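Just passing along the structure, written as C-alpha cells.
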Amino acid sequence: MTESTERSASSPVGEQGVSGSSAPLLARVLGGQVRLPFAFWVLGVAGNLLVWTLTSIASELYPGNPTVGAASLLSLIYFIFSLVATWRSASKYSGDRIWAVLSKVIVSLVIVIYVMMLFIAMVVVSTRGH
C-alpha cells in the first residue's frame with residue numbers, strides 16, 4: 001500500500017477516491033463523496049446531537065434572544081445538510097447494500113417524524129389562541 005492509499009483508506013473522505021479531489025470539502029460532503037459511516041455517525045448522529053445540545057443550552061440560558069433564533073435556524077440548516085450528505089453517501093456506498101438501505105430508511109423515518117412534529121407543533125400553537 002502506498003502512502004497516499006493508506007491516507008485515503010483511513011480518511012473519512014477516502015472511500016470514493018476523493019481525498020485527492022480539488023473540490024471543497026463541503027461540495028464533497030454534499031455530493032455524497034464521503035464514507036457512509038462518517039456521514040451517518042459523525043455528521044448525522046454526533047453532529048446533530050452536538051448542534052441540538054448547544055442550541056438547547058443557548059435557548060435555556062438566553063430565552064427570547066434573537067441570536068438563539070438564528071442559532072435554531074442554523075441548526076435546521078445543519079440538520080438538512082446532514083440528511084442530504086447521508087442519503088447521497090448511501091447512494092454511492094460500495095460496501096454491503098444493507099447499510100446503504102438501512103441508512104436511507106433511517107433518513108426517511110427521521111424526515112417523516114420531523115414533519116409530523118412540526119405539524120403537531122403548528123396544531124398546538126394554533127389551538128392555544130382559541
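Return, ordered by residue number, the residues of region 21-58 whose backbone nitrogen is under 15 Å from a label point located 7 Å along Cα→Cβ of ILE98.
It comes to no residues whatsoever.
Still on this structure: Calculate the length of the line joining the C-alpha centroid of region 69-116 to that of region 31-57, in whole Å.
Computed from Cα coordinates, the inter-centre distance equals 9 Å.
Readers should treat all values here as calculations from the given coordinates under stated rules, not as data from a laboratory. If you're wondering where the values come from, they're calculated on a predicted model, not measured in any experiment. Quick reminder, even Gly has a Cβ in these numbers, built from the backbone with ideal geometry, and neighbours come from all protein chains shown.
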